[in-house]
């Protein structure tokens, strides 16, 4: 009995130290050898591929997976350098992240995909749709695609990078606090901030540095499928300006919320994404 108990304790310790991969969690090796972790649940078309934002991970879609996997195949991805994915890449660019998403789509042999991306994940899904148009039927951004014309402010990016190099936790905490509205739940704020500041500073800073070089206008202009934003009104969205670049662009608003719309009002977000799916899959 004592021997059996000892074996049981050792098994628990091994799993707690090495991590136990869920049945839904898979891996694909990307174009440059970096391991990309993803979860796949449910079945049905169109398939939904969710891409998180800067210094986040696939857990940021925790309220979408159980809802949408009842009717769709749902895939959530840890972008390279984030979550459980590998970190052995020298330059963390949007183009590289687009290839990561494309590799997952190829691995799963997805045929009819709607890409959903939050924040910086919007640029990533735009790039993925540009790289692999034959599998994509729609692109939906979660509080992103605010202004295709303006793109990413290189001066602000340089300033942010220098401040993060000096004090990553302090600067990042202040940076993320600007993304909440007065209605954002305190517990949710703490959860988001703690997740973000635990990200790898080297990866996080490199990602921001490379953002200033990304031309989202080019990617969006070459996407033939509908592009949507599901945005809060925390920051303005240049709807008419965006329509000059995307062949089809529509916005669905979630007023009164902060930047993390899918976490702040999951039911409202899921309803609007359901509308997008219905409109795209006609």
Subject >> Most fluctuating residue given options 35, 99, 244, as computed from a GNM of the chain linking Cα atoms under 10 Å >> reply: 244
Original post:
In nm, what is the difference between 0.36 nm times the number of residues separating residue 238 and residue 159 and their Cα-Cα distance?
Top reply: 26.0 nm
Original post:
Under the Kirkwood approximation for Rh and a Cα-based Rg, what ratio Rg/Rh is obtained for region 179-259?
Top reply: 1.05
**OP:** Can you tell me the order of 232-239, 133-140, 89-96 when each peptide is scored by its average per-residue count of other Cβ atoms within 10 angstrom, highest first?
**Re:** 133-140, 89-96, 232-239
**OP:** Quick one: go through region 213-236 and flag any residue whose amide nitrogen is under 18 Å from the point 7 Å out along the Cα-to-Cβ line of residue 248.
**Re:** 220-230
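Give, in nm to one decimal, the length gained when the segment between residue 182 and residue 27 is fully stretched (0.36 nm per residue of separation minus the Cα-Cα distance). Write down the numbers at each step before the final one.
Working: separation 155, 0.36 × 155 = 55.80 nm, distance 3.86 nm.
Separation in residues times 0.36 nm, less the Cα-Cα distance, equals 51.9 nm.
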**OP:** Could you rank the peptides 208-219, 117-128 by their average count of other C-beta atoms within 10 Å per residue, with the highest value first?
**Re:** 117-128, 208-219
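For the chain, what is the mean residue ellipticity at 222 nm derived from helices alone (per DSSP H run of n ≥ 4: -39500 (n - 2.57); sum divided by total residues; nearest 500 deg cm²/dmol)?
Details: 12 runs with 123 residues, N = 282.
Taken over the chain, the calculation gives -13000 deg cm²/dmol.
What translational diffusion coefficient, in µm²/s and rounded to a whole number, does the Stokes-Einstein relation yield for region 140-180 at 10 °C and a viscosity of 1.306 mPa s, taking the hydrodynamic radius as the Kirkwood radius over Cα pairs? Mind showing how you got there, number by number?
Numbers: Rh = 11.8 Å.
Here the translational diffusion coefficient equals 135 µm²/s.
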Original post:
Taking all pairs of different Cα atoms in the chain, averaging 1/r and flipping that mean, what Kirkwood radius in angstroms comes out?
Top reply: 19.4
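Could you calculate the contour length gain from residue 84 to residue 274, that is, 0.36 nm times the residue separation minus the distance between their Cα atoms, to one decimal place in nm? Don't skip to the end; give the middle numbers.
Details: separation 190, 0.36 × 190 = 68.40 nm, distance 2.85 nm.
The span from residue 84 to residue 274 would gain 65.6 nm if fully extended.
Where a number appears in this text, it was derived from the coordinates with a stated rule and is not lab data. Keep in mind that this is a model prediction, so the values were computed, not measured. Reconstructed Cβ throughout: ideal geometry from the backbone, glycine too, with neighbour counts over all protein chains shown.
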